[in-house]
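The values are calculated or read from the model by the stated rules, or taken from the named source; none is laboratory data. Bear in mind that the values here come from a model prediction, so they are computed numbers and not experimental data. All Cβ positions, even for glycine, are placed from backbone atoms using ideal geometry, and neighbour counts span all protein chains on display. Remember, those area values only see protein heavy atoms, side chains included, never the ligands or the DNA or RNA. Shrake-Rupley method; radii C 1.70, N 1.55, O 1.52, S 1.80 Å.
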Amino acid sequence: MAAATRSVRMASRLTFSRPSALFAQKASVAQRAAFSVSTRNLKSEVVKETEVPVSIYSGDAKGAASSNTGDHFSIPVKPRQQVAESEPDDHVQPLEDKVYRQMPRTLQKMSVMGKVIIITGGARGLGNYMARACAEAGAKAIVIFDANQDLGDESAAELHQKTGLPVSFFKVDVRDGSAINAAVQNVVDLYGAPDVLVNSAGIADSNIPAEKYDAAMFRRLIDINLNGSFLMSQAVGRAMMAAGKPGSIILVASMSGTIVNYPQEQSCYNASKAGVIQLGKSLAAEWAKYNIRVNCISPGYMDTALNKVPALDAQKKIWKSLTPQERLGAVDDLNGLCVFLASDASSFMTGSNVIIDGGYTLY
C-alpha cells in the first residue's frame, strides 16, 4: 500500500512539475509579447526635450515664503556631442625649479623633479610622448633607448632643443642583454643611477591565425616584448640596488594581456603581454625589499602612427564601436598615468596593472 502511495505521489509531481510542450511554448510567446509591450511603453515615455522648464520660488528677506507666483523660465537642452579627436599639443615646457618650489606639497609629489628617466621605445609613438611628459614634469635627464638610429637621434635632439634638458640616445636592441648592461652603466656614469624605467619598446603581429603563425615570428615577438622587458628591468633594477636608492619601473603591457581582442587574431601578442603583466607582479614582489616599485600600464586601442593605415580602417570602426568612449586613445593619453607611476605620489603602489582603454574591457 505504501509503495502504491509513493508511486501515485511521484506520478503527481511529474505531471504537475513539467507542463506540456504546447503550454511552455504558449507561455514563452506570452512572456515575449508582454516584454515587447513593456519595452514599447517605456520607449514611448521618453521625451526628448529641446528645453527644460524651470520654476524658482524664493523667500522674502526674512526667509518666509513669498506670496508671488515665482520666476518661470526655460533653459536650452544641447544635444549630446561626441568628443572630438584632436592632435596633441607639440609644445613642451619643462617644470622649472622656481615653479616647483611654489607648488603645494601634493603637486610636488606628483612631479618627477630631479629624476633620471630611461624610456625604451622612446624615439616615436607612445614612448616619445611619455618622454615629453616626463620632461614637462621636472625630470633631471631623459635617456632614450631605441633600436632605430635615425629616429632616436632625431627625437633626442628635438626634445633637447625644446626643453634645454640633458637628453641622451642609446641605440639599443632590448633583446641584447650585453648592450643593455653597457648602456645602463653609461647612464649611471653620466647622470647617476636611474630613478625610473619606462619600458615602452615592443612590436605587434596581428591578423595572423594561430595555425598559420610562423614559429620564428612567434619567438621574435616574445623575445622583444617579454624577454626585452625582463632584460631592461634586470639591468636598471641592479643599478638601483647598487646605488641603494628607491626606484620605479613601469612596464607598458596591454589590455590584450587580460582579454582576447576582436576581430583580429593575435595569439602571440596577447600571450606576450600577459607575460609582461605577470613579470611585473613577480618583480614587484621580489624587489619591494629594495624599495623598487614595478607597475604595468595596459593601454587599449591607441591612435598611433602604426594604426593609421587604410588596411585597418574597417577594424578601427569595430574597435570604436566596442569602446564605451567611442574613440581610440590619443598618443598622449598615457602621459598622466606614466608621470603618476614614476612620481612619489604612487609610492605605496606596486604590482598593479592599470588598464587605460576608454572602457573597452568593461564589456
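When you go through VAL92, VAL99, VAL112 one by one, which is the residue that is assigned to a loop (DSSP other than H, G, I, E, B) and more than 16 Å from ASP195 (Cβ to Cβ)?
Details: VAL99 fails: assigned to a loop (DSSP other than H, G, I, E, B); VAL112 fails: more than 16 Å from ASP195 (Cβ to Cβ).
None of the other options fit; the residue is VAL92.
Please verify whether GLY275 is among the small types (Gly, Ala, Ser) and touching a Cys at 6+ places or on another chain (Cβ under 8 Å), treating the condition exactly as stated. For GLY275, the condition - among the small types (Gly, Ala, Ser) and touching a Cys at 6+ places or on another chain (Cβ under 8 Å) - is not met. Being loosely packed, with under 10 Cβ neighbours inside 10 Å, closer than 28 Å to VAL252 by Cα and modelled with pLDDT of 95 or more, is that true of even one residue in segment 106-118? For segment 106-118, residues loosely packed, with under 10 Cβ neighbours inside 10 Å, closer than 28 Å to VAL252 by Cα and modelled with pLDDT of 95 or more: present. When segment 331-363 is filtered for residues that are surrounded by fewer than 17 Cβ atoms within 10 Å (Cβ to Cβ), among the polar types (S, T, N, Q) and under 11 Å from the mean Cα position of the chain (by Cα), only THR361 remains.
Could you please find all residues in segment 115-137 being more than 23 Å from the chain's Cα centre (by Cα) and not aliphatic (A, V, I, L, M)? Even if it seems obvious, please write down each step before you answer.
Taking segment 115-137 as the starting set, the residues that turn out to be more than 23 Å from the chain's Cα centre (by Cα) are 115-116.
Hit for segment 115-137 is LYS115, nothing else.
For ALA305, the conditions (1) within 24 Å of ALA123 (Cβ to Cβ); (2) open to solvent by less than 60 Å² (accessible area, probe 1.4 Å) are fulfilled apart from (2). The test for being hydroxyl-bearing (Ser, Thr, Tyr), under 26 Å from ASP223 (Cα atoms) and in a helix (DSSP H, G or I) does not hold for SER298.
The residue that is modelled with the highest pLDDT, counting only those in segment 47-89 that are under 30 Å from LYS162 (Cα atoms) and surrounded by 10 or more Cβ atoms within 10 Å (Cβ to Cβ), is PRO88.
The single condition from (1) surrounded by fewer than 20 Cβ atoms within 10 Å (Cβ to Cβ); (2) over 20 Å from ASN225 (Cβ atoms) that VAL143 fails is (1).
Working only within segment 308-330, note down all residues that are out of contact with any Lys or Arg (no Cβ under 7 Å at 6 or more places or on another chain) and open to solvent by less than 20 Å² (accessible area, probe 1.4 Å).
Kept after step one, since they are out of contact with any Lys or Arg (no Cβ under 7 Å at 6 or more places or on another chain), are these residues of segment 308-330: 308-319, 321-325, 329-330.
Residues satisfying the conditions are TRP319, THR323, GLY329.
Quick check: anything in segment 278-301 closer than 27 Å to PRO194 by Cα and either touching a His at 6+ places or on another chain (Cβ under 7 Å) or of a type in the set (Phe, Trp, Tyr) (or both)?
Restricting attention to segment 278-301, the residues satisfying the condition of being closer than 27 Å to PRO194 by Cα are 278-299.
Narrowing the set further to residues that are either touching a His at 6+ places or on another chain (Cβ under 7 Å) or of a type in the set (Phe, Trp, Tyr) (or both) leaves 287, 290.
Scanning segment 278-301, I find at least one residue that is closer than 27 Å to PRO194 by Cα and either touching a His at 6+ places or on another chain (Cβ under 7 Å) or of a type in the set (Phe, Trp, Tyr) (or both), so the answer is yes.
State yes or no: is ALA135 surrounded by fewer than 23 Cβ atoms within 10 Å (Cβ to Cβ), of a type in the set (Gly, Ala, Ser) and in a helix (DSSP H, G or I)? Against the criterion (surrounded by fewer than 23 Cβ atoms within 10 Å (Cβ to Cβ), of a type in the set (Gly, Ala, Ser) and in a helix (DSSP H, G or I)), ALA135 does not qualify. Residues that are open to solvent by less than 30 Å² (accessible area, probe 1.4 Å) and within 23 Å of ILE142 (Cβ to Cβ) within segment 196-222 comprise VAL196, LEU197, VAL198, ASN199, SER200, ALA201, listed in sequence order.
For the residues LEU221, LEU197, the requirement of being farther than 30 Å from SER321 by Cα, of a type in the set (A, V, I, L, M, F, W, C) and at pLDDT 95 or above singles out LEU197. With respect to the conditions (1) under 21 Å from MET130 (Cβ atoms); (2) part of a loop (DSSP other than H, G, I, E, B); (3) hydrophobic (A, V, I, L, M, F, W, C), ILE208 lacks only one, and its number is (1).
In segment 223-261, the qualifying residues are those that are of a type in the set (Val, Ile, Thr) and in a helix (DSSP H, G or I), and the one that is most open to solvent (accessible area, probe 1.4 Å) is ILE224. Out of ASN41, ASN128, one residue alone is modelled with pLDDT under 75 and either open to solvent by less than 100 Å² (accessible area, probe 1.4 Å) or outside any loop (DSSP other than H, G, I, E, B) (or both). It is ASN41. Exactly one residue out of ALA193, ALA179, ALA183, ALA216 is at negative phi and outside any helix (DSSP H, G or I), and it is ALA193.
Checking each residue in segment 146-194 for being buried (at least 16 other Cβ atoms within 10 Å of the Cβ) and more than 23 Å from ALA235 (Cα to Cα) picks out LEU151, SER155, LEU159, HIS160, LYS162, THR163, LEU165.
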